[in-house]
Amino acid sequence: MTLIIRNEEKKDYRIVEEITRKAFWNLNIPGCDEHYLVNIMRTHPDFIPELDFVLELDGTLIGNIMFTKSQLISESAIEKNIVTFGPVSILPEFQRKGFGKKLIEYAMNKAKELNYAAIVIFGNPSNYVNLGFKSCRKFSIYTQNKVFPCAMLVKELVEGSLANENWLYQESPVYNFDQEKAALFDLNFEKLEKSIRGSQEEFYILSHSRIFDNLS
Ligand SMILES: CC(C)(COP(=O)(O)OP(=O)(O)OC[C@H]1O[C@@H](n2cnc3c(N)ncnc32)[C@H](O)[C@@H]1OP(=O)(O)O)[C@@H](O)C(=O)NCCC(=O)NCCS
């Protein structure tokens, strides 16, 4: 088995979009939009090409991870340039075999080499806690309306770099895309059936949950 992690190249674009679509299809909603996000992200100013990786198993692409620049702004107006990843995808037939973990760990080490202090993501904690991600509450990182979402997870790449401050997280606007454009983009792909799944309810619950706690 030969496993290679390398930067995404132009020739991979369509394959990566197909992998993303298969990984997310019917997972969070009936159908998915993440392959559109992948498509528009690559030309967005917040995109970090050095942190755009594919995972190749015996010459076939089976996974991808992409990062964007984001910011933390403290109450005393300190600004920290950090990163956010997502989408991250592994083809369904290769999931839960450790490939995602290898890809994420590799990419996180590269982000550290590029001197980013931390990673903030939105995701299902069960995918990330064993990679060292912790609740945003532990680092006092909140969103615009001062809430601590349960799905907002943080990993310090430089230990202690987020200590002793309260931080507002600002993600890249690329994540607020037009869903109608995403639906049109999906017409360029092979037809897949949309269906209702339990994972969509899990996504709803998680993405609407917050840690009920005031900033102290
Ligand atoms: C999320 C995803 C990228 C993870 O990649 P993967 O190769 O499937 O995951 P791995 O096998 O490397 O496991 C990573 C962690 O997931 C969890 N995990 C693994 N197998 C699991 C299982 N059967 N049930 C629940 N959690 C499991 C564990 O926490 C594991 O870490 P550990 O091995 O230290 O315990 C991949 O499953 C995927 O593409 N999913 C669909 C798209 C998606 O959800 N993307 C992320 C959005 S938040």
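Note on Leu168 and Lys102: the extension gain reaches 20.8 nm, defined as 0.36 nm multiplied by sequence separation minus the Cα-Cα distance. Estimated at 0.36 nm per residue, the fully extended path between Asn176 and Arg6 surpasses their Cα-Cα distance by 58.4 nm. Axis angle, to the nearest 10 degrees, between helix 99-113 and the longest C-alpha principal axis of the chain: 50 degrees.
Arranged from fewest to most other beta-carbon atoms within 10 Å of their beta carbon, His35, His208, His44 become His208, His44, His35. Projecting each Cα onto the charge dipole of segment 15-148 (Lys/Arg +1, Asp/Glu -1 at the beta carbon, about the Cα centre), which of Asn127, Asn109, Ile48 comes out farthest on the positive side? It is Asn127.
Only the Cβ atoms of Lys and Arg (+1) and of Asp and Glu (-1) were treated as charged; on that basis the dipole of the chain about its Cα centre amounts to roughly 380 debye. Here each label is just a point 7 Å from Cα along the line to Cβ, and for Glu159 and Gln200 those points are 4.5 nm apart. Can you spot the aspartates and glutamates whose alpha carbon is less than 20 Å from Lys10's alpha carbon? Ignore those fewer than 8 places along the same chain. Leaving aside aspartates and glutamates fewer than 8 places away in the same chain, those within reach of Lys10 are Glu18, Glu34, Asp46, Glu50, Asp52, Glu56, Asp58, Asp186.
With a threshold of 29 Å on the Cα-Cα distance, the over-threshold entries among Lys11/Lys69; Lys155/Lys181; Lys110/Lys134; Lys22/Lys101 are Lys155/Lys181. Backbone geometry of segment 139-147 corresponds, through the Karplus equation with coefficients 6.51, -1.76 and 1.60 at θ = phi - 60°, to 3J(HN,Hα) couplings of 10, 6, 10, 10, 9, 2, 8, 6, 10 Hz, x marking Gly and Pro. For segment 20-42, no residue has its backbone nitrogen under 13 Å from a point 7 Å from the Cα of Lys191, taken along Cα to Cβ.
Remark: relative contact order (segment 1-104) = 29 percent; criterion is Cα-Cα distance under 8 angstrom and separation of 6 or more residues.
Backbone amide hydrogens, once placed in the peptide plane, bring Arg210 within less than 5 Å of Cys150, excluding anything fewer than 5 places away on its chain. Phi-derived couplings, Karplus 6.51 cos²θ - 1.76 cosθ + 1.60 at θ = phi - 60°, listed residue by residue for segment 5-18: 10, 9, 5, 5, 10, 3, 5, 8, 3, 5, 5, 5, 5, 5 Hz, with x used for Gly and Pro. What separates the Cα centres of segment 101-131 and segment 181-195 is a distance of 29 Å.
Charge tally around Lys112: other residues with Cβ under 13 Å, Lys/Arg +1 each, Asp/Glu -1 each, net -3.
Readers should treat all values here as calculations from the given coordinates under stated rules, not as data from a laboratory. Note that the coordinates shown come from a computational prediction; the quantities given were computed from them, not determined experimentally. Using ideal geometry, Cβ is built from the backbone for each residue, glycine included, and neighbour counts are taken over all protein chains shown.
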